[in-house]
Amino acid sequence: MMVANRSAFGALLFLFSFLFVSTIPSYAQDPDPDDFADIDNMFSDLLDAQYFTKAEEKGYAYFGPPTGLKLKIRHQGKYAFMNIDGSIAGTFYDFVVDFKNGFAGVSRNKKWGFVDMNGEEIVQPRYDMADDFYGGLARVILNGKFGYVDDKGNEITPMVYEYAGNFSDGYAWVKKNDEWVILDKKGKEIKSLKVDGVKAFSDGVAVVSKSGKEGLVDAAGKALTRIKYDRIYSFRNNMLALVKTEKKLWGFIDKRGEEVIRPEYEDAFSFEEGLARIKKDGKWGYIDSTGKLMIAPQFDYVFDFDKKTGIAIAARNMEYLFIDRTGKPVSNFRWMVKNNALDEPDYIEPVFSKGIAIVSNGASLYRIQSNGLGAKPLPYPVAGNYHNGLAVVGDGKKYGFIDMNGQIAIPLKYDEVSVFDNDVALVEEGNTKKFIDRSGNVVGVMPSTIEKSSAVIKHNRVAVKSGGKWGYMDASGELVIPCQFEEASNFAEELAMVKKDGKYGFITDKGRLAIPFAFSDAGPFYNGFAAVKLQSGWGFIDKTGRLRIPARFNFPGKFYDNEIELEVASGKNSLFPVKARLNKRSMPVLEED
């Protein structure tokens, strides 16, 4: 059976791809969520710059962007929050974390507390660990036990729980004496359940599991279904949840636990735009929220309908086509379904940018629109996805760029090209690497003394190798960070991972050492955190270099939706189970916390 992105954490645990420099060009890009200039972002950048300028005047190291109109700064080894006028909100601490929901965690003498937006302590640092505030309450840990504090600093529960989840819809799960207990926001225990696992409450119901099966309970702990399903997925806007039975059939339940759409399908996906994809007798179609068949199963595969165009992409007889909500083709255009390494159909949705994508139909490439109309052939055998309004194209020998209308923007005369970053791309012509702007004008040239370079430019920096060592060059061709490193990665989130004397650390785009060379292995920053390896295992640091998730895990991973799944290294004692899902405060979380 086919599985594709049913859960945000379906593919969390994997090894890091370390982004080390390579001379092999790649034209695959991630989807562009927002390809156009955003006035709000421009204003935000100007405001951020005021904070940064004031911090530099004061001689503070700073870690941006500001949160809650406060900038996190460091001075003489201590941390604080700075106002836009350069004054300190509150006082200095051993460490501080960003504001969230009006409060920030602060640490002194290895204990944690909270400050409000004025920098005033609402909870003195006395806990071993502390999470963010959610709905006016925050989880805290003391001596290995969980409890909760409110935004006035009061403990609403005793510190007695083996685990405590964040509140959702007014309720939270806590674990005591190996039983899961429903707790309300006053700290009252509603009911204890002898189950193996739980998920966070959503609109008054929660999923519980026992012996590998799942069921549904309400906020009073009353069973709404028997614990019989292989899996219950999240409830969607139409208040239906996808379920999978032990017979491997798929259907939907409502929040009363009733099977409103009987499990009879070989495969299915959650509802999007009022329709759900279902598979019956080996073919795919669509149903509505009453279970009525809207498009009969007739396709080899289907994707969800697009919110803007009302059009979906389907596959039949190894060809893709656009269909409307009745299942009828929108146009006569078709393009080819390719096989994967196992010689099986690999159904992949095109990457649209501003409603335009490039697809392959055998030896021919086409420029298509997301409404299914106006497909036009491209006179090139090679092309990449659109990125910032331009797409790489090639004739098999040379590469250039086309604009959103399919017209040549930069002639095909380069042996290698990268995508544009901050309106600059790295290209190679003959034996010379150059930097060009979006008009194709040369803005910099890489000297012949450079032995090797990365394939892309990031944050106006490209990693280069000379004399057997790596450094960084800017888009003008000037060596701005001397070649001194054994390894160097592309910049990611304003920092680059480099290796020196056998250890990994991180530098800024000015070459300043931001995080010391202290790690036997490391990964690039992603969503504000980087995986690092110490003798005890893998952990995570933030951009201050502070170890925020302890180095006790077997493998690194990446944060998705501020959470990560990790496997504890063998023989390590900790608060975490063998496989732990953690948030950025190093606090364990339930699946839907």
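Points to keep in mind about this one:
- Within segment 70-90, residues that are open to solvent by less than 50 Å² (accessible area, probe 1.4 Å) have Cβ atoms under 9 Å from residues that are part of a loop (DSSP other than H, G, I, E, B) and among the polar types (S, T, N, Q) in these pairs: Lys70/Asn83; Leu71/Asn83; Lys72/Thr544; Tyr79/Thr544; Ala89/Asn83; Ala89/Asn118; Gly90/Asn118, counting only partners at least 6 apart in sequence or on another chain.
- Any hit, segment 57-70, residues being among the charged types (D, E, K, R) and over 20 Å from Asp542 (Cβ atoms): yes
- Residue satisfying all of: in segment 358-410; under 16 Å from Ser331 (Cα atoms) and assigned to a strand (DSSP E or B); most open to solvent (accessible area, probe 1.4 Å) among these: Lys376
- The combined condition, being loosely packed, with under 13 Cβ neighbours inside 10 Å and within 33 Å of the chain's Cα centre (by Cα), is fulfilled by Asn340.
- Hits in segment 176-201 - residues which are surrounded by fewer than 17 Cβ atoms within 10 Å (Cβ to Cβ), farther than 14 Å from Gly135 by Cβ and not aliphatic (A, V, I, L, M): Asn177, Asp178, Glu179, Lys188, Glu189, Lys191, Ser192, Lys194, Asp196, Gly197
- Taking (1) open to solvent by less than 40 Å² (accessible area, probe 1.4 Å); (2) in contact (Cβ under 8 Å) with a residue 40 or more places away in the chain; (3) over 16 Å from Tyr380 (Cβ atoms); (4) not in a loop (DSSP other than H, G, I, E, B) in turn, Lys465 satisfies each apart from (1).
- Given (1) buried (at least 16 other Cβ atoms within 10 Å of the Cβ); (2) closer than 20 Å to Ile549 by Cβ, number of the condition Asp116 does not satisfy: (2)
- Residue-level check: of (1) under 29 Å from the mean Cα position of the chain (by Cα); (2) modelled with pLDDT of 95 or more; (3) assigned to a loop (DSSP other than H, G, I, E, B), Met239 misses just (2).
- Selection status of Met294, more than 19 Å from Asp346 (Cα to Cα), among the hydrophobic types (A, V, I, L, M, F, W, C) and out of contact with any strand residue (DSSP E or B) (no Cβ under 7 Å at 6 or more places or on another chain): no
- Those residues of segment 488-528 which are at pLDDT below 95, of a type in the set (Ser, Thr, Tyr) and either open to solvent by less than 40 Å² (accessible area, probe 1.4 Å) or touching a helix residue (DSSP H, G or I) at 6+ places or on another chain (Cβ under 7 Å) (or both), in sequence order: Thr508
For (1) out of contact with any Asp or Glu (no Cβ under 7 Å at 6 or more places or on another chain); (2) part of a loop (DSSP other than H, G, I, E, B); (3) open to solvent by less than 40 Å² (accessible area, probe 1.4 Å); (4) β-branched (Val, Ile, Thr), each residue gets a yes or a no:
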residue: Ile278; (1), (2), (3), (4): yes, no, yes, yes
residue: Thr290; (1), (2), (3), (4): yes, yes, no, yes
residue: Ala296; (1), (2), (3), (4): yes, no, no, no
residue: Asp306; (1), (2), (3), (4): yes, yes, no, no
residue: Ala314; (1), (2), (3), (4): yes, no, yes, no
residue: Leu321; (1), (2), (3), (4): yes, no, yes, no
residue: Thr326; (1), (2), (3), (4): yes, yes, no, yes
residue: Ser331; (1), (2), (3), (4): yes, yes, yes, no
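- Residues that are in a strand (DSSP E or B) and aliphatic (A, V, I, L, M) within segment 430-462 comprise Ile436, Val442, Val443, Val445, Val462, listed in sequence order.
- Pairs meeting the criteria (first residue in segment 334-357 and within 24 Å of Thr309 (Cβ to Cβ), second residue outside any loop (DSSP other than H, G, I, E, B) and of a type in the set (Phe, Trp, Tyr), beta carbons under 7 Å, at least 6 apart or on different chains) are Arg334/Tyr320; Trp335/Tyr320; Trp335/Tyr366; Val337/Tyr320; Tyr347/Tyr301.
- When residues in segment 428-455 are screened for being out of contact with any strand residue (DSSP E or B) (no Cβ under 6 Å at 6 or more places or on another chain) and surrounded by fewer than 21 Cβ atoms within 10 Å (Cβ to Cβ), 9 of them pass.
- Residues of segment 214-231 that turn out to be touching a residue at least 24 places away in the same chain (Cβ under 8 Å), in a loop (DSSP other than H, G, I, E, B) and under 25 Å from Lys248 (Cα atoms), as a count: 3
The values are calculated or read from the model by the stated rules, or taken from the named source; none is laboratory data. Keep in mind that what you see is a predicted model, and the values were worked out from it rather than measured. All Cβ positions, glycine included, derive from the backbone under ideal geometry; neighbour counts span all protein chains shown. The accessibility values were calculated without ligands, DNA or RNA, using every heavy atom of the protein model including side chains. Shrake-Rupley method; radii C 1.70, N 1.55, O 1.52, S 1.80 Å.
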